[in-house]
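The structure under discussion appears below in the form of structure tokens.
Readers should treat all values here as calculations from the given coordinates under stated rules, not as data from a laboratory. In this text, all values refer to a predicted model and were calculated from it rather than measured experimentally. Counting neighbours? That spans all protein chains shown, and the Cβs are built from the backbone with ideal geometry, glycine included.
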């Protein structure tokens, strides 16, 4: 359901839509709806928020001012292994921060994301 003045949709660049879709489907179980050859969207049911990828040679990284989208995982090491197996690249290995641990990665089109988990016990 759409909520007044709440974040509703995210869009990301993707220079390789097929590789990006395969990555998110394989790692996170997302499905996609195609809107022509240059746009695909994912749903709130799969991702927690509606959004899409559009064909572009650009990518989003924190070092160039891009927003960081952060996933949560109950098993950080397993999620990292699945990201790497699916073609993602860890660009900042697991580190502790107040409240938990996380790592940063890029997906096949070069967009940066992070995954966090609760503190190690």
Pairs with Cβ under 6 Å, 6+ apart, first in region 96-121 and farther than 19 Å from residue 86 by Cα, second assigned to a loop (DSSP other than H, G, I, E, B): 100/118; 100/119; 117/73
Residue in region 22-30 that is closer than 29 Å to residue 1 by Cα, surrounded by 12 or more Cβ atoms within 10 Å (Cβ to Cβ), without any contact (Cβ under 8 Å) to a residue 24 or more places away in the chain and in contact with a helix residue (DSSP H, G or I) (Cβ under 6 Å, 6 or more places away or on another chain) present: yes
Which listed residue is surrounded by fewer than 17 Cβ atoms within 10 Å (Cβ to Cβ) and on the phi < 0 side of the Ramachandran plot, from 121, 112, 107: 121
Among the residues listed as 67, 45, the single one being loosely packed, with under 12 Cβ neighbours inside 10 Å and in a helix (DSSP H, G or I): 45
Filter result for the condition that a residue is part of a loop (DSSP other than H, G, I, E, B) and either loosely packed, with under 12 Cβ neighbours inside 10 Å or out of contact with any helix residue (DSSP H, G or I) (no Cβ under 8 Å at 6 or more places or on another chain) (or both), over 87, 36: 36
